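Comments concern the structure below.
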2 protein chains.
Amino acid sequence: MSSARFSSGVAACLLTVIAHGAEPLAGAALDEARALRARALADDTAYELVRSLTTEVGPRLAGSPGDAAAVAWALDKLKALGFSNVRAEPVTVPRWIRGEARAEITAPWLQTLAVAALGGSVATPAEGIEAEVVPVTTLEELKAQPRERIAGRIVFFTARMQPSLDGGGYETTVPPRGTGAAESAKLGAVAMVMRSAGTSVSRTPHTGAQRYVDGIPPIPAFALSNPDADMLEQQLASGRPVRLKLSNTSRWDGEAQSANVIGEIPGRSHQQEVIVLGAHLDSWDLGTGAHDDATGVGIIAAAAKLIGESKRRPKRTIRVVFYANEEFGLSGAKAYATAYKDQIDQHVLGLESDLGAFRPYGVAARVAPDKLPLVRTIQSVLEPLGVPYLGTEASGGADVGQLRKLGMPVMDLQTDAGPYFDLHHTANDTFDKVDPRLVQLNVAAFTVIAYLAAEAEGGFGRLPVASETAQ
Amino acid sequence: MSSARFSSGVAACLLTVIAHGAEPLAGAALDEARALRARALADDTAYELVRSLTTEVGPRLAGSPGDAAAVAWALDKLKALGFSNVRAEPVTVPRWIRGEARAEITAPWLQTLAVAALGGSVATPAEGIEAEVVPVTTLEELKAQPRERIAGRIVFFTARMQPSLDGGGYETTVPPRGTGAAESAKLGAVAMVMRSAGTSVSRTPHTGAQRYVDGIPPIPAFALSNPDADMLEQQLASGRPVRLKLSNTSRWDGEAQSANVIGEIPGRSHQQEVIVLGAHLDSWDLGTGAHDDATGVGIIAAAAKLIGESKRRPKRTIRVVFYANEEFGLSGAKAYATAYKDQIDQHVLGLESDLGAFRPYGVAARVAPDKLPLVRTIQSVLEPLGVPYLGTEASGGADVGQLRKLGMPVMDLQTDAGPYFDLHHTANDTFDKVDPRLVQLNVAAFTVIAYLAAEAEGGFGRLPVASETAQ
């Protein structure tokens, strides 16, 4: 940390004090937050948790043996780290079992492609499916096609995700993943393949959730790695008919029991009021879910643990929630929202870590408007971490966002999504990609926010309740 | 190109002229070389050849259907590009057929690993092989082990290749790949796995050739991707016994016919004297052999074609040789050396492209010492490409180097080996990784060297004949 940056942080803090008079945070609380920040930057708890979860549990797709092992692992770790009220709250999850997926171009030029079944894909017949490929860019373009162009063919979604700091390109490539197979089936397609919704240039496809619609027979759905989508496009560019042969043996196997794993650092005075720190315990199965979301698990656990070790514990309780099955339907987040609906007013603020452990570049807050000065005070302590205030566009993330819809304020630590989407949902999401220094930066930011949020007089107000909740 | 760089190139050239008086290269030849350099930097022949070979042929492991398709492709392309004396000279190659390889850690913590059989590996029994893992760093460390530590176990070579500009780290990690299985078998090991000889951080193992020794029963040999070698090391670090289960269905299938494909740009006066431009037509099978060595094929063909289009053709013949089976025993290079041994004195200079199409950073020359001023003159025309003279440590490469051993002088264009060894022998060696601008830079350098070498009065002398040749 440069002294110049430190001074600017102090200056921002002083300006806040001057501007707002009676402060929800005492100077001693801010001092303690700064001390926690320094401790977090030298703490390896999170990194070691990530190492342990990826090495000793590995992939943990909802309903798989790894998922059950992760629940046991989490209970052990939270207890060992000194958390209180450690518990597993049962969550029913769907169980989909990946088989073997294969793809090859059979004409005009034989090539074997790197492919992964999308989550939830049905199997092909044992002999596979071979058909001509029809490229389309978007769902809208697909829907505009005449049925005779699509029927009996394999639809290929070609849209490429563009890398960006905020991951904005992901939102534009996820729709074909989610419903591309269902929409293709409506027009009589026999299978769907897509260019991965992700930016990896390796031959490691990005899997992810997709869903069928009732009443339309499901067709198999696949993601090609970006280089393999390029190969398919190269062959299509020849102007000759391009044929693909696809096979897949994945299947559904009913439901399974998983759990949200919860632990708490009790507050010193307002124990029933909680700051929720969320991450998800499940992962996709191609890698070991290092950045998605073992780092989140490690970051929130380490932040809470550091706060628990403080000699000046905050007023409110820090509740760490490791959510079940984020990837395949937000099962844990929905179960938590249902279970705690009656206590939603005691959920003072929520914060989620589910974008890996990359460089934080800002913080956003969705809180009652009159509480924004408090957010700015908290942000002033993040300043030396290179974390400016970015405004009010905070979502709370996929899991914690379910509580936002019920009125709970949220803050988002925004982190560089560029490298995250190189790894996301691929075989490459492994421990070797985790930088301990970046983990510490995230832990430091979470520690500061959680500590000050748990301490601040008066909290963050409430948000309007969304008309449609926890879906 | 900056004018400052251009001026320094001119200055270097003038200095050479001043220093050496009677020049082997006329000013008109140097002017033509500069004009060719400019044309090469705007020419897409090489890039389009790489696109075509990777898309329309793809992987071309010696003896495979892709290998045969590549020979037909090469004959067609050389004819279409206007080469003379286009021919396929038969080469017998060994045929190894890759099957399915699998690896999983079964204790202490179950994990599936990304693995590839090394080239030439025998199969495991159908039920696989499961045994405890013994890590060693080097062949020397292995050889120092007592038999009881190795017998019945799986040897794991842990040495990691360090990236570098000149690829020097490769040489230190190749020995375990070549003979690690054989040496392990001598001590009773049941299988060998190695950390890939390569720098990819993707879960894409680097395959490559390995060989057994007579009299020792062969054991299966595998490469783990770097992240998977990390996983194995993480588990070994627990101090608990680590067990691997390996399976592989690859097999040998006798020999096959392949060919060196040759085409020429005849010289205007000394047609029987040749400048050899070499690259290899075969590739490993996991990717499409884009940088290894489709780019080499494209670069040398494009360079020769540009020279053929020159209104001022050089005196000597440019002979392009696409070698068969470089990867698995240099079959084509040995066959060529045998077939042309009697004409070796007509081989004036050789140059090979087999390090992908990355940034050239210098040129080295192994020529008769009194011919080094000529090399410096040639290098002066490379100066605007950012190619300084790097000395006399030139090898000619794996294929063309076989002719160097017979006395033919060689020059090496040295190119950045860092990114090359991220891709080398992996599934990621695909067309999307090829930068057309870097291809052009390489073509420009090859064009200049080949043109001036074919034109220079008196040639480059001869090298001492190596005591052991063409092996």
Can I get the semi-axes of the stretch A:73-127's equivalent ellipsoid? Compute them from the C-alpha gyration tensor as square roots of 5 times the eigenvalues, in angstrom, largest first. 44, 15, 7
Per 10 Å bin from zero, what fraction in whole % of the C-alpha pairs of the stretch B:122-163 is there, up to the bin with the longest pair? 25, 44, 27, 5
So the compactness index of chain A, its C-alpha Rg divided by 2.2 N^0.38 Å, takes the value 1.03
Principal axis dimensions, the stretch A:306-419 - Cα atoms, whole angstrom, descending: 37, 37, 32
So which of B:Lys371/B:Lys433; B:Lys79/B:Lys311; B:Lys143/B:Lys334; A:Lys186/A:Lys405; A:Lys77/A:Lys315; B:Lys305/B:Lys433 end up more than 29 Å apart by C-alpha? B:Lys371/B:Lys433; B:Lys143/B:Lys334; A:Lys186/A:Lys405
Rg ratio (alpha-carbon, reference 2.2 N^0.38 Å) - the stretch B:386-446: 1.33
Divide, for the stretch A:32-114, the radius of gyration over alpha carbons by 2.2 N^0.38 Å, where N is the residue count. 1.75
Rounded to the nearest 100 Å², what is the sum over both chains of accessible area buried where A meets B, with a probe of 1.4 Å? 2000
Could you give me the percent of Cα pairs per 5 Å distance bin for the stretch A:196-317, shortest bin first, beginning at zero and ending with the bin that holds the maximum distance? 2, 8, 11, 13, 13, 12, 10, 8, 7, 6, 4, 3, 2, 1, 0
A convex hull over the alpha carbons of the stretch A:343-394 yields, per residue, a volume in Å³ of 96
The stretch B:418-443 versus the stretch A:326-366: alpha-carbon centroid distance in Å: 43
Based on the alpha-carbon gyration tensor of the stretch B:287-373 and its eigenvalue square roots a ≥ b ≥ c, which shape applies: rounded if a/c is under 1.5, prolate if not and a/b is larger than b/c, or oblate? rounded
How would A:Tyr212, A:Tyr170 line up by accessible area, probe 1.4 Å, largest first? A:Tyr212, A:Tyr170
Please compute the Cα-Cα pair-distance distribution of the stretch A:99-201 with 10 Å bins starting at 0, giving whole percents from short to long. 14, 45, 34, 7, 0
Do me a favour and compute the ellipsoid semi-axes for the protein assembly as shown from its Cα gyration tensor, root of five times each eigenvalue, largest one first, whole Å. 56, 32, 28
Convex hull over the alpha-carbon atoms of the stretch B:153-210: what's its volume per residue in Å³? 77
Mean Kyte-Doolittle hydropathy of -0.5 or higher plus an axial Cα length of 24 Å or more: which whole DSSP H helices in chain A meet both? A:3-20, A:436-455
Using a Förster radius of 45 Å, what is the FRET efficiency between B:Thr172 and A:Thr392 based on their Cβ-Cβ separation? Nearest 0.05, please. 0.25
Using only the alpha carbons, work out the radius of gyration and Dmax of the stretch A:130-251 in angstrom. 13.7, 41
All aspartates and glutamates inside 16 Å of A:Lys245 as judged from Cα atoms, apart from same-chain residues fewer than 8 positions distant: A:Glu100, A:Glu104, A:Glu127, A:Glu130, A:Glu132, A:Asp228, A:Glu233
More than 21 angstrom apart: percent of Cα pairs within the stretch B:359-471: 42
Once you keep just the Cα pairs under 8 angstrom separated by 6 or more residues, what percentage relative contact order results for chain A? 23
Straight-line reach from B:Lys341: which aspartates and glutamates have a Cα under 17 Å away, not including same-chain ones fewer than 8 places off? B:Glu89, B:Glu273, B:Asp399, B:Glu468
For A:Asp412, A:Asp435, B:Asp44, A:Asp342, the accessible-area ranking with a 1.4 Å probe, largest leading, is A:Asp342, B:Asp44, A:Asp435, A:Asp412
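The values are calculated or read from the model by the stated rules, or taken from the named source; none is laboratory data. Fair warning: this is a prediction, and the values are worked out from it, not measured in the lab. When we count neighbours, we look across all protein chains shown, and the Cβ atoms used for this are built from the backbone with ideal geometry, even at glycine. We work out accessible area using only protein heavy atoms, side chains counted, and drop any ligands, DNA or RNA first. Shrake-Rupley method; radii C 1.70, N 1.55, O 1.52, S 1.80 Å.
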